[in-house]
Amino acid sequence: MYPPPQQKRRRGLAPFIIAVILAGALIVGLRTLIGGGGGDDPGGGGAGIAQKRACGDDGIVLTIAASSEKAELLRGMANGYNGHRVDGRCVDVVVNSKASGGAMQALARGWDERQDGPRPDVWTPASAGWVALLRQRTEGGDRATPVAADNPTLAESPLVIAMPKPMAQALGWPAKKVGWSEILDLANDPKGWAKYGHPEWGAFRLGKTNPNFSTSGLNATVGAYFAATGLSGDLTEKDVSSAKTRDFVRGVERSIVHYGDTTLTFLSNLQHADDEGTAMSYISAVTVEEKSVWDYNQGNPTGDPKTLGEHAKPKVPLVAIYPKEGTLFSDHPYAVLSWADAARKAAAADFLKYLQAPERQREFEKYAFRTFDGKPGDLITAANGLDPKQPSTTLGAPTPQVLDRILKSWSELRKPANVLMVMDVSGSMGAEVPGTGRTKLDLAKQAAVNALPQFGPNDRVGLWMFSLKQDGDKDYRELVPMDRNTGSRLKDRIEGLIPNGGTGLYDTTLASYRYVMAHRSGDAINAVVFLTDGKNEDNNSISLDDLVPDLRTEAGEDGVRVFTIAYGADADLGTLKKISQTTDAAAYDSRKPGSIDQVFTAVISNF
């Protein structure tokens, strides 16, 4: 009925290494609200295309955890498959969105459905590198490795440096081959785009996602080390640790605008900036899968099939630069997990045949994926900013041991952050969350404490609480000043928070923004993390119409980003989205009970 499954072309761990320096995948379940949904979702679950069940209680349910840039597409395909019979039994496939890095961590520690969502029978991350990392994390431990070393491929997409077309042309594209040497020189040049005759574009601005969560961030970090050494393979721990390599990587990291949990933070903000006519001053480059360039150029940065066509195409399109030093493919492996029983393994094999059949491969091609055997489809064209003849050079793969060393080194070399955490302690935070036996504030405190280890020794972190009249007429009170090595004090102060009073949202937002502005550093990411479960209740405060202009900076100027968390069903999501959009940050939706821990982790991954 279907062609037999084919094993992926052997490239070692090639899909895992990307000679690119920025960005991430997308977010669906823990939705970054500045643009919708999308790629590597730090949380799980999945709003989007409804899953259609065709079987009764005696059927087989095959649960799949998929990286989110393809989760919606797979859901649609699953709906077409459901009701299929395997060995005489009806099969329903359910696809859940789960970030590649988040799924790897969940599998490594032992999947907990209360925290991680439904336990999958099949895992399909964006890159085989996550499979290699999982095997390394679990081999020799208490739990058996739940995945095989080699797994079939569903589709492919090379990673590229996405740039606004006029900027790429200023670098000499497409006639001139552009690589990381040009990118790094421009990023480190104090003259910025004036070097290429465009002072109006300001400094060169890079975007990069957190390699602990995002496939692109992980691969991009590895790619930076390859670019630093000039190697195309056989990277060693000695290479990673050399002073020359560390200086190169540190230079790349210092040019980052801010880290993100997903590429969607950048692409959705870029779309918003394009709508406002300021796309050229928001970001200069971000690395994404080739398909994401096409998605953005269709006005659909989420890559969600159901939203295609809802937004106009951008005024300033992106183009894909395939680095001359080399790049790699995301190969989207299909890994059947060891705990799946015989019936689910048979169903998984049958669904794989269905996905690799020509009809479904053409569906992948309709959204700018290449086929599972690497063939570019009709959308991979110069008219779409893409090149079917590229990439001409691919890179070799580091060993898992070298990979681990790279991740540890990144935590030492990444750009530091100045972050003020602002926690709502209004009376409504004392409400119990159904089914948990704990209050909203209890869960928020736990989430904040759990996220603290993401901060490094060079980060400066402070804490405010707010409700109404916390300090005289001020709705906020400083608990820990923004400084280095505040971890233990932050933990103690967070754990001591108690709910009381109303919600002084607007005055606190402006005061926290101005506080970080007054303490900002040009060598750091400057931001506010603002959590609230309500709407402004201070009748004597500044209005929203007056607040928003005070949060704006001049185009091209680095300001303070306000990352907001809408916590609980009564949170003023629209207002928080507007605040984050104004500051080129992201708004996060934690209105679903029990999601706050995952959301808080996603927010802190921006730093």
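Laboratory data are not the source of any read-out in this text; all were calculated from the coordinates shown. Worth saying up front: this structure is predicted, and the values here are computed from it rather than measured. A quick note on method: Cβ atoms are made from the backbone with ideal geometry, for glycine too, and the neighbour counts reach across all protein chains shown.
Observations, loosely collected:
- Fraction of antiparallel bridges per DSSP, the chain only, in percent to nearest 5: 40
- Calculated [θ] (222 nm, deg cm²/dmol) that DSSP helices of n ≥ 4 give over the chain, each run adding -39,500 (n - 2.57): -10000 deg cm²/dmol
- Extension gain for Ser411-Glu359 works out to 14.4 nm (0.36 nm per residue, less the C-alpha to C-alpha distance).
- Evaluated with a Cβ-only charge set (Lys, Arg +1; Asp, Glu -1), the chain carries a dipole of roughly 1340 debye about its Cα centre, given to the nearest 20.
- The mean sequence distance of close C-alpha pairs (under 8 Å, at least 6 residues apart), as a share of the length of the chain, puts its relative contact order at 18 percent.
- At q = 0.10, 0.11, 0.18 Å⁻¹, base-10 log of I(q)/I(0) for the range 416-604 (Debye sum, equal scatterers on each alpha carbon): -0.35, -0.42, -1.23
- Working note: Cα gyration tensor of the range 143-187, eigenvalues times five, square-rooted, sorted largest first, giving semi-axes of 37, 14, 9 Å.
- Antiparallel DSSP beta bridges within the range 485-607, percent to nearest 5: 0
- The range 229-337: trypsin sites (Lys or Arg not before Pro) in DSSP loop, at most 16 other beta carbons within 10 Å: Lys315
- Expressed as a fraction of 2.2 N^0.38 Å, the value expected for a compact globular protein of N residues, the C-alpha radius of gyration of the range 428-502 is 1.20.
- For the range 167-227, the alpha carbon positions stretch 37, 24, 15 Å along the principal axes, listed from largest to smallest.
- Highest mean first, the peptides 278-284, 334-340, 100-106, 263-269 sorted by other C-beta atoms within 10 Å per residue fall in the order 263-269, 100-106, 278-284, 334-340.
- Full-extension gain in nm, Arg520 to Asp87, via 0.36 nm per residue minus C-alpha separation: 149.5 nm
- Ratio Rg/Rh [Cα only; Rh per Kirkwood] for the range 483-568: 0.99
- Mean sequence separation of contacting Cα pairs (under 8 Å, at least six apart), scaled by the length of the range 416-604, corresponds to a relative contact order of 24 percent.
- Length gained on full extension, Ala175 to Arg114, computed as 0.36 nm times the residue gap minus the Cα-Cα distance: 16.7 nm.
- Per-selection metrics, the range 370-469 (Cα): Rg and Dmax in Å: 23.6, 63
- Separation of the range 166-210 and the range 219-271, taken as the distance between their Cα centroids, equals 16 angstrom.
- Listed cross-link partners Lys313/Lys592; Lys491/Lys535; Lys176/Lys244 are compared with a 30 Å cut-off, the Cα-Cα value being larger for Lys313/Lys592.
- When the alpha carbon gyration tensor of the chain is reduced to an equivalent ellipsoid, its three semi-axes come out at 36, 30, 23 angstrom, largest first.
- Convex hull volume per residue in cubic angstrom - Cα atoms of the range 79-119: 102
- Applying both filters, DSSP loop and at most 16 other Cβ atoms within 10 Å, to the GluC sites (Glu not before Pro) of the range 263-365 gives Glu310.
- Kirkwood-Stokes translational diffusion coefficient of the range 106-255, alpha-carbon pairs, 20 °C, 1.002 mPa s, µm²/s: 116
- Three-way shape call for the range 524-602 based on the alpha-carbon gyration tensor, with the a/c threshold at 1.5: oblate
- Loop chymotrypsin sites (Phe, Trp or Tyr not before Pro), the range 474-515 (other Cβ atoms within 10 Å of the site Cβ: 10 or fewer; DSSP): none
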